[in-house]
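Each value in this text was obtained by applying a stated rule to the coordinates, not by laboratory testing. All values reported here derive from a predicted model rather than from experimental measurement. Neighbour counts run over all protein chains shown; Cβ positions are idealised from the backbone, glycine included.
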Amino acid sequence: MVVCGVELTGSDAVLCLLNMDRGQFNLPECKVRKLSLPKNHSREDLKRFQAAFAALMAEYGVTGVAIKERMPKGKFAGGAISFKMEAAIQLITDIELTVTMLPPALIKSTLASNPLPIALADTGLKAFQEAAFISAYVGQLNGRCS
């Protein structure tokens, strides 16, 4: 089962694919590390973002998406654009996709009981993909993306 971990920051959706097969994790090579939405976007831009995300998920056989939840208010609140991107991902209907929001408390408790089996530096991922990688890992372990 292939899961796509997503971290929404600013106007970017940072992505990381993670596959679990017979208890073994692997990171499928993905040509896209992030999808962006212009800051001054139109309805058509949002539709293009949604279509590009759906096409990427279909191309790699992704069945689940795990999104790191952002706070709606407070010091670490997510911006309006990131909430629009989240909605666009959740409303994809062209393919069968389970979209799950992962609260920070769940991520923290899962990592405490199941530390990452590999250091990010050893994965070949870019540093900015760390939160997306962790989201995919936690989504897989908790069965939230199936």
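Going down the table (47/68; 39/126; 34/84; 84/126; 75/126; 34/108), which pairs top 18 Å between alpha carbons? Pairs exceeding the cut-off: 47/68; 39/126; 84/126; 75/126; 34/108. Placing pseudo-labels 7 Å out from each Cα toward the beta carbon at residue 106 and residue 119 gives an inter-label distance of 3.0 nm.
To the nearest 0.05, how large is the calculated FRET efficiency for residue 43 and residue 77 if R₀ is 30 Å and r is the Cβ-Cβ distance? That pair, residue 43 with residue 77, gives E of 0.80.
Take the Cα of residue 98, go 7 Å toward its beta carbon, and the backbone nitrogen atoms of region 54-81 under 14 Å from that spot belong to 62-67.
Looking at the chain, identify the longest residue range that excludes and avoids all trypsin sites (Lys or Arg not before Pro) in DSSP loops having at most 11 other Cβ atoms within 10 Å.
76-146
Whole-Hz Karplus values for region 34-48 come out as 7, 10, 10, 10, x, 4, 9, 8, 9, 4, 5, 4, 5, 5, 5 Hz, taken residue by residue from phi with 6.51 cos²θ - 1.76 cosθ + 1.60 and θ = phi - 60°; glycine and proline positions read x.
Kindly provide the helix-only [θ] at 222 nm of the chain, computed as the sum of -39,500 (n - 2.57) over DSSP H runs of four or more divided by all residues, to the nearest 500 deg cm²/dmol? Can you show the working numbers first?
Values: 4 runs with 50 residues, N = 146.
Calculated from helices alone, the mean residue ellipticity at 222 nm is -10500 deg cm²/dmol.
Across all directions, the average flat footprint of the convex hull enclosing the Cα atoms of region 11-73 is 5.6 nm². Scan region 1-73 for GluC sites (Glu not before Pro) in coil per DSSP, keeping those whose Cβ has at most 11 other Cβ atoms within 10 Å, and list them by number. Passing sites in region 1-73 are 29. Helix 104-113 and the longest principal axis of the C-alpha atoms of the chain enclose an angle of approximately 10°.
Between 123, 110, 100, the residue with the greatest mean-square fluctuation in the GNM of the chain (Cα pairs under 10 Å linked by springs) is 123.
The angle separating the long axis of helix 80-90 from the principal Cα axis of greatest extent in the chain is about 70 degrees.
Treating each Cα of region 2-141 as an identical point scatterer and summing with the Debye formula, the log10 of I(q)/I(0) at q = 0.09, 0.10, 0.14, 0.17 Å⁻¹ comes to -0.25, -0.31, -0.61, -0.91. With a cut-off of at most 14 other beta carbons within 10 Å, and DSSP calling the residue loop, which GluC sites (Glu not before Pro) in region 85-146 qualify? Please list them. Answer in residue order: 96.
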